[in-house]
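First comes the structure, then the notes that go with it.
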Amino acid sequence: MTSTNTRPAMAVLAALAVTIGALESIPFPALPLLQRELGLDPAQAGLLSTTLIITSAITMPVVAKIADDRGGRRTLLVLTWCIVAGAVLSAFATTFPVILLGQFLQGLGGGVLPVSFVVARQLFPDSTPVAVGVLTGLFTVGTGLGVLAAGPLADALSRQWMFLLPAIAVAVVTLLAPLSLPGPAAVRRTRLDWQGAVLLALALATLMLGLYVVTQALLTAVVLLVAALGFGAGWVAVERRSAHPLVELGILHERGVWTASVTAAALGASYSATYFLVPQLLTGFGATASEISLYLFPTVLVAVVVGPLSGVFVRRVGTRVALLAGLALTAAGTLFVAAWHETPWQIVVGLLVTLGLGVGTAATATYTSVIASVGEQDTGVAAATCGIARAIGAALGVQVAAALLTTGGSFRLGFLLAAVVVLAPLVLHRKTSGSPVAARG
């Protein structure tokens, strides 16, 4: 640990993780309300629901590279004020283009987590896994709190306050951040590879949109996915000859980076499918939106405890053991719900194991693994690689689950597929060293 007083800085990072996680998740349970008040058709509602994910995937590697080169504090401040502006726009939007712009700005919040890792590694060089565990867990907690609070806030106050309350919290924390967060240890004034950034953005945007429309317009999806491959190939060609590439392609060859990215994609696909299926299942029991939030509340409480402890667990037993445990718990809870979902309490028990215990532990181990695989100067980009993989996996998981229900498939089959997907990365990690991890400086 550095000689700097790290408690205020960690408090700022923790508060940002919770509030931005909440802002990211609020639009999902409120989508029917937004659709009704703004007069959105199904296609517009679908685009609105995916704007956050698409924006996060597109901007994450760019902001992570900027943070690696020029410091996490300044990058965090710019991101958080953009997020506040987006939340205010979303709150007072009366037309579809305005709320879409607001959600685009809020989508920049996806870059806050890898940028926070850059700052955390600087603050805690000897206990990075614990810091990563705390931030990852609290971001998950914030996501759960957003889901829980959206309905009650809209019912008790208005849809405006769903966005404004967390935005005010983010603004307050951002005002305190310059006093607490450390400046960069070293600043590299390298030119940003804008050509590579644009090509990567186009590749990710067309890929995410292709995954989104695959169940609605197959031909359009095929065209978009082919375009994504073309943009991706162009990006690789540009990065290979760039003097200052956005992503050093050699990083992607590191075993710890690509295995962590595959794991993040599988984890994202599995838990997003579960998140999609569970509300649909509970609705079948006649549960209202508020009751669904109540059923999810125990999972959030467990995640509050597991988030910080998962970092300690990773440090004690090593990333391999922690990752295997997290993936196994995620699959076990999903399989429990697949076998027993006749009453709501059975679903709650399964969620406690899957989302409360498994996902948090596996996510912390995954991010710790990828951060430890690279030097400090590449922390943000490596973490962003996992974040992009998780976003792509999440988009794919939701679409597969939605297609399954649309074509008359059973909930049991959906949960079984989610369990199989999350267990698949075990093959990649069976020969990985299980020694405790210390981040490489």
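Just so it is clear, none of the values below were taken in a lab; they were calculated from the coordinates. Since this is a predicted model, take the numbers as computed values, not measurements. Positions of Cβ are backbone-derived with ideal geometry, glycine not excepted, and every protein chain shown enters the neighbour counts.
For the chain, a Gaussian network of Cα nodes joined below 10 Å ranks VAL222, VAL119, VAL337 by mean-square fluctuation, and the top entry is VAL222.
Net charge near PHE285, counting Lys/Arg +1 and Asp/Glu -1 over other residues with Cβ under 14 Å of its Cβ? Before the final figure, lay out the partial values.
Numbers: positive: none; negative: GLU291, GLU342.
Result for the neighbourhood of PHE285: -2.
Provide the packing ranking of 279-288, 227-236, 265-274, i.e. peptides ordered by the mean count of other C-beta atoms within 10 Å per residue, highest first.
Numbers: 279-288: 14.4, 227-236: 17.2, 265-274: 26.6.
Those peptides, ordered most packed to least, come out 265-274, 227-236, 279-288.
Between LEU108, LEU249, LEU352, the residue with the greatest mean-square fluctuation in the GNM of the chain (Cα pairs under 10 Å linked by springs) is LEU249.
With a simple spin-label model that places each label point 7 Å from the Cα along the Cα-to-Cβ direction, the separation between SER410 and ARG241 comes to 5.6 nm.
Using a simple spin-label model with pseudo-atoms 7 Å out from Cα toward Cβ, VAL305 and ALA156 lie 2.5 nm apart. Let a ≥ b ≥ c be the square roots of the eigenvalues of the Cα gyration tensor of the range 193-245; is it rounded (a/c under 1.5), or, if not, prolate (a/b larger than b/c) or oblate? It is prolate, given that a/c is not under 1.5 and a/b is the larger ratio. Think of the chain as a dipole: +1 on every Lys or Arg Cβ, -1 on every Asp or Glu Cβ, centred on the Cα centre; then among GLY107, VAL247, SER293, VAL247 lies furthest on the positive end.
Apply the a/c threshold of 1.5 to the C-alpha gyration tensor of the chain and tell me whether it is rounded, prolate or oblate. In terms of gyration-tensor shape, rounded. Each Cα pair under 8 Å and six or more residues apart adds its sequence gap; the mean of these over the residue count of the chain is a relative contact order of 24 percent.
For the chain, what is the charge dipole size about the Cα centre, in debye to the nearest 20, if Lys and Arg each add +1 at the Cβ and Asp and Glu each add -1 at the Cβ?
Computed about the Cα centre, the dipole is about 960 debye.
State whether the range 55-206 is rounded, prolate or oblate according to the following rule on the C-alpha gyration tensor (a ≥ b ≥ c being the square roots of its eigenvalues): a/c under 1.5 gives rounded; otherwise a/b larger than b/c gives prolate, and the remaining case gives oblate.
Numbers: a/c = 1.99, a/b = 1.34, b/c = 1.48.
Oblate shape, in that a/c is at least 1.5 and b/c is the bigger or equal ratio.
Using R₀ = 25 Å, calculate the FRET efficiency as 1/(1 + (r/R₀)^6) where r is the Cβ-Cβ separation of THR283 and ILE168; round to 0.05. Each step should come with its number before you reach the end.
Working: r = 32 Å, r/R0 = 1.28.
It comes out at approximately 0.20.
Quick one: putting +1 on the C-beta of Lys and Arg, -1 on the C-beta of Asp and Glu, what dipole do you get for the range 1-191 around its Cα centre, in Debye to the nearest 20? Provide the component values of the computation, followed by the final result.
Numbers: 11 positive and 7 negative charges, 136 e Å.
So the magnitude is around 660 debye.
Toward the positive end of the charge dipole of the range 251-441, with +1 on the Cβ of Lys and Arg and -1 on the Cβ of Asp and Glu, the farthest Cα among GLY256, VAL381, VAL422 is that of GLY256. A simple spin-label model places the labels of VAL427 and ALA11 4.9 nm from each other, with each point 7 Å out along Cα-to-Cβ.
Using +1 on the beta carbon of Lys and Arg, -1 on that of Asp and Glu, and nothing else charged, what's the dipole of the range 214-367 about the Cα centre, debye to 20? Before the final figure, lay out the partial values.
Details: 6 positive and 5 negative charges, 93 e Å.
That gives the range 214-367 a dipole magnitude of about 440 debye.
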